[in-house]
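Asks: Okay, handing you the structure first.
The values are calculated or read from the model by the stated rules, or taken from the named source; none is laboratory data. What you see is a predicted model; the values in this text were computed from it and never measured. All Cβ positions, glycine included, derive from the backbone under ideal geometry; neighbour counts span all protein chains shown.
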Amino acid sequence: MKTDSIFYRLFQEFPSIFFELIGNPPQTAKAYKFSSIEIKQTAFRIDGVFLPTQGEENPIYFVEVQFQTDAEIYSRLISEICLYLRQNQPKNSWRGVVIYPNRSLDTADIKNYSEFFNSQRVSRIYLNELGETASLPVGIATMKLVAENEDTAIVTARELIDRTRQEINIELQRRQLLELIETILVYKFPMMSRKEIESMFGLSDLQQTRVYQEAKQEGKQEGKQEGKQEGARQEKFRMIPLLFKLGLNFEEIAKELGLSIEEVQQELQKQPQSQDT
């Protein structure tokens, strides 16, 4: 699964979930903007950062999602943060949060960085230790779905879909969360067809979601103007940035649409706003 892209999309569309996860009021998200940051003159890139938009008392949050063992995770994270602090000289304090699916993947040695953990400057969260899914806020429960095994994911996904429809009153947020759940399911069950996922979870398949429908409709209109063959090709290109928003990488988009990786890359370069999600 492309867990990083799913989590960073979740934090961008629902920043309140992160603050609930670390024990802060969800309203805290209103004072922050989620983004990624390139550190100049190094090979480092901090993929998940909540930057305060107001108030020097609000700390900067550096977020790392780690779904595999990495002996250098903490040395790299601390180095990235220190370089950022040196280059930007922020007035705000900072916190680091590392998210694991379970404790067994947290194998890196912390002896050279123990002060950061003892002071709670850097904290670790294990998704499988958050408690029963039914008792968690729907956003955090969706985050935990990424770490569920296939056996429990089926039941959990059905419950989450029902809860999302019942508990999320704002239509746009409800639709975004359902699409995110669907994206997780597509990655989690790669051997299942879309029709099977539709039947099992009561969701329209990926091509019936809002973003696909918009792209499909635009493609149809283009086809009427320029002919069926050219219209079909234009439909594929219009779908590229929308698929990228759903978390698919270059190879997956190319395979899905029957295009070359070069064509996908060239189209995304024409639309830089599509890569910000």
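Asks: Going by the conditions given, is residue 182 assigned by TED's automatic domain parsing to the domain that holds residue 143 and modelled with pLDDT of 75 or more?
Replies: yes
Asks: Which one of the conditions (1) surrounded by 13 or more Cβ atoms within 10 Å (Cβ to Cβ); (2) part of a helix (DSSP H, G or I); (3) at pLDDT 80 or above does residue 259 fail to meet, given that it meets all the rest?
Replies: All conditions are met except number (2).
Asks: Further question: Would you check if there is a residue in the range 9-32 being in the same structural domain as residue 131 (by TED's automatic domain parsing), more than 26 Å from residue 139 (Cα to Cα) and either of a type in the set (Asp, Glu) or assigned to a helix (DSSP H, G or I) (or both)?
Replies: So far as the range 9-32 goes, no, none of its residues is in the same structural domain as residue 131 (by TED's automatic domain parsing), more than 26 Å from residue 139 (Cα to Cα) and either of a type in the set (Asp, Glu) or assigned to a helix (DSSP H, G or I) (or both).
Asks: Between residues in the range 149-161 that are free of Cβ contacts under 8 Å to residues at least 40 places away in the same chain and residues that are of a type in the set (A, V, I, L, M) and assigned to a helix (DSSP H, G or I), which pairs lie under 7 Å by C-beta distance while being six or more apart or on different chains?
Replies: Note: pairs meeting the criteria are 153/145; 156/145; 159/134; 160/138; 160/141; 160/145; 160/181.
Asks: Provide a single number: the residues in the range 118-135 that are surrounded by fewer than 18 Cβ atoms within 10 Å (Cβ to Cβ) and either out of contact with any strand residue (DSSP E or B) (no Cβ under 6 Å at 6 or more places or on another chain) or among the polar types (S, T, N, Q) (or both).
Replies: 12
Asks: Now a separate question. When residues of the range 64-98 are filtered for being at pLDDT 95 or above and within 19 Å of the chain's Cα centre (by Cα), how many remain?
Replies: Result for the range 64-98: 3.
For every residue, the table says whether it meets (1) within 25 Å of residue 249 (Cβ to Cβ); (2) surrounded by fewer than 18 Cβ atoms within 10 Å (Cβ to Cβ); (3) at pLDDT below 90; (4) outside the structural domain of residue 18 (by TED's automatic domain parsing).
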site: 107; (1), (2), (3), (4): no, yes, no, no
site: 116; (1), (2), (3), (4): no, no, no, no
site: 137; (1), (2), (3), (4): no, yes, no, no
site: 159; (1), (2), (3), (4): no, yes, no, no
site: 167; (1), (2), (3), (4): no, yes, no, no
site: 178; (1), (2), (3), (4): yes, no, yes, no
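Asks: If a residue must be polar (S, T, N, Q) and over 26 Å from residue 60 (Cβ atoms), how many such residues does the range 101-152 contain?
Replies: 8
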